[in-house]
Amino acid sequence: MSFSFHTTSLRGVILIEPKVHGDERGFFLESFKQSDFAAAGLDLRFVQENHSRSEYGVLRGLHYQRAPRAQGKLLRVVVGSIFDVAVDLRDGSPTFGKWLGIELSAANHRSIYIPPGFAHGFCVVSPEAEVIYNTTVEYAPNYEHGLRWDDPSLNISWPVTDPVLSERDRHWPHLVTVQAIPA
């Protein structure tokens, strides 16, 4: 198998470490292989791929789409480093409102799968970062929602205190006003 799959404290969020083949020329890795992912219980079909570039201190998120357009996401970093966050919004989940933060970088080659039912965001901790992520459902602006990045009830330990935010990300609601996502 070309990957190691690691469960996390949030059921369904999986940290993925590829087998990296390196030599004096550089490295090679498989970033996704349907058969290996399916064997690990992640029988996924991706329908959209996105690529973002951001500078140090940019925080994107916390975003999610509601049913019937809820997305699973597979993310990896190809330049730089990010602090990646998933927040459980699944109705009835024992970890509802809990978050997980993981460093993803071009150097560590790790990726993360975040299933539907989670808000997602990241903060750039290197001079710049490029993130590629695949989604299981296409972007649907009418189903998009978000959470405040600095919601005190979440108490996320972001690595920056004064992030660069989009106007939209400054005004998402707090968790207390968000309707749980059917699991």
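Computed over region 45-177, the P(r) curve from all C-alpha pair distances, binned at 10 Å from the origin, holds 13, 46, 36, 5 percent per bin.
Using only the Cα atoms of region 36-123, each taken as one equal point scatterer with no solvent, compute I(q) by the Debye sum, divide by I(0), and report log10 of the ratio at q = 0.10, 0.19, 0.26 Å⁻¹. Result of the Debye calculation: -0.27, -0.98, -1.47. What the Cβ-Cβ distance of Glu30 and Ser166 gives, at R0 = 30 Å and to the nearest 0.05, is a FRET efficiency of 0.35.
Neighbour counting of Cβ atoms within 10 Å sorts the residues Asp43, Asp151, fewest neighbours leading, into Asp43, Asp151. Residues of region 103-124 with amide nitrogen under 18 Å from the 7 Å Cα-to-Cβ point of His6? Those under the cut-off are 103-115. Each residue of region 128-139 is assigned a 3J(HN,Hα), and the resulting list reads 8, 8, 10, 10, 10, 9, 9, 10, 7, 9, 5, 4 Hz, derived from the Karplus form 6.51 cos²θ - 1.76 cosθ + 1.60 (θ = phi - 60°), x at Gly and Pro.
Taking every Cα-Cα distance in region 69-113 and sorting them into 10 Å bins starting at zero, the pair-distance distribution P(r) comes out as 26, 45, 24, 5 percent. Remark: region 104-183 carries a charge dipole of roughly 200 debye about the Cα centre, counting +1 on each Lys and Arg Cβ and -1 on each Asp and Glu Cβ.
Report, for the chain, the % of DSSP beta bridges that are antiparallel, rounded to 5. That works out to approximately 95 percent antiparallel.
Where a number appears in this text, it was derived from the coordinates with a stated rule and is not lab data. This structure is a prediction, so every number in the text was calculated from the model and none was measured. A quick note on method: Cβ atoms are made from the backbone with ideal geometry, for glycine too, and the neighbour counts reach across all protein chains shown.
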